[in-house]
Structures are given as C-alpha cells and as structure tokens.
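For reference, the structure is listed below as structure tokens.
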C-alpha cells in the first residue's frame, strides 16, 4: 500500500474519526478529568520540558505552541509536509487504517483560523458515543468516547482550535491504552 501524502492523509484521519463516531453514536456520559502532570502554570516556552516522565518522550511544536509527552515506545510519525497535524502511534505505519488489534494512533490538529466552533458537536448526531467534559491544561472541553477510540478534546486557546484524537481497533484496545491516553492528555500544555 502506497503511503498517503499531505492533505489526503489528514482527510483520511478526519474521515476515519468521523466514521468511528457515526458508527458508534452519541449518548451523555460520565465526566472525566485529567490531572496535571506537574503543578504550576502552563509552560510559556515552545520547547519541551527538560525531561519527560519515566517511560515517556517530550514533544513540542514551536509553530503551533504546544507540548506533550508520549510513550517512549511510540513512533513520532512523519507529517509529510502537513504542518498543522502531528501523528504518533505505537506502530510504525503510514495511516490509521493499518492499525492492528493492539494499535493506537494519536492525531494532534491545530487550526489557526477556525471557521466555526471548536467542537465536533455540529458534525455528530448519532447515539452510543459517550460525551465527557474534560479539562486540557485548565481549559474546559468535550471528548467523544466510542468503541474505536476517543475523539477530542476540542479546545479553543488563543483563538486557535486544538483537537486531539486517539484511534484504536476496539473498545478493549482503547481501554488497554487508557493509562497512556490519560498521560498524554494530562501532560499537554499550551505554550503561548
């Protein structure tokens, strides 16, 4: 299979996320919060912290002004010139469609000129997805939990829309990666 290029890869990831949510549906659910990894104010520098937690690597985007920690066993995947999206996975693959039964794919998207609300709510109208209110680096947000992963949170910060999604092959696989997902989200910092 030929690796996807540029915007095609982003569209595939977005379509895959929406397809997961459309198949799974929406219902109101529990509230989840992600504790902060370190106490204090959000990091103001676009560089990563001097050292990540044991078993994790630090990543920082100087362009999009955020940082996070991801498991040291995961791959920081090539963005293929798509600078507004960043991909990570526990498998060295070209797209989320190639995930196996234990795979997880993290996408971080930043839209510097959002044309509408920073949310999936206007695009989702099906049952069986749990909507959870969360806080990402102190900013209130929603995430949408389905059998195929977690879409969100969607967060507006400094007039930019930040969106994280975690795709998995099943609810069991999602649950198997929940500690890693929670660490990524709790380590996320806006650096502006």
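Rank these for me by crowding, 77, 106, 164, going from fewest to most other beta carbons within 10 Å. Spell out each step's value before the answer.
Numbers: 77 20, 106 27, 164 24.
Ranked by crowding around the Cβ, least crowded first: 77, 164, 106.
On full extension of the chain, what length is gained from residue 73 through residue 102, given 0.36 nm per residue of separation minus the C-alpha to C-alpha distance?
Full extension of this stretch gives 9.1 nm more.
What's the extension gain from residue 84 to residue 53 if we count 0.36 nm per residue and subtract their Cα-Cα distance?
Net length gain for the segment: 8.6 nm.
Give me 70, 59, 144 sorted ascending by neighbouring Cβ count inside 10 Å, so fewest comes first.
Details: 70 23, 59 18, 144 26.
Lowest to highest Cβ neighbour count: 59, 70, 144.
Where a number appears in this text, it was derived from the coordinates with a stated rule and is not lab data. On a predicted model such as this, the values are computed, not experimentally measured, just so you know. Here the Cβ is made from the backbone with ideal geometry for all residues, glycine too, and neighbour counts use every protein chain on show.
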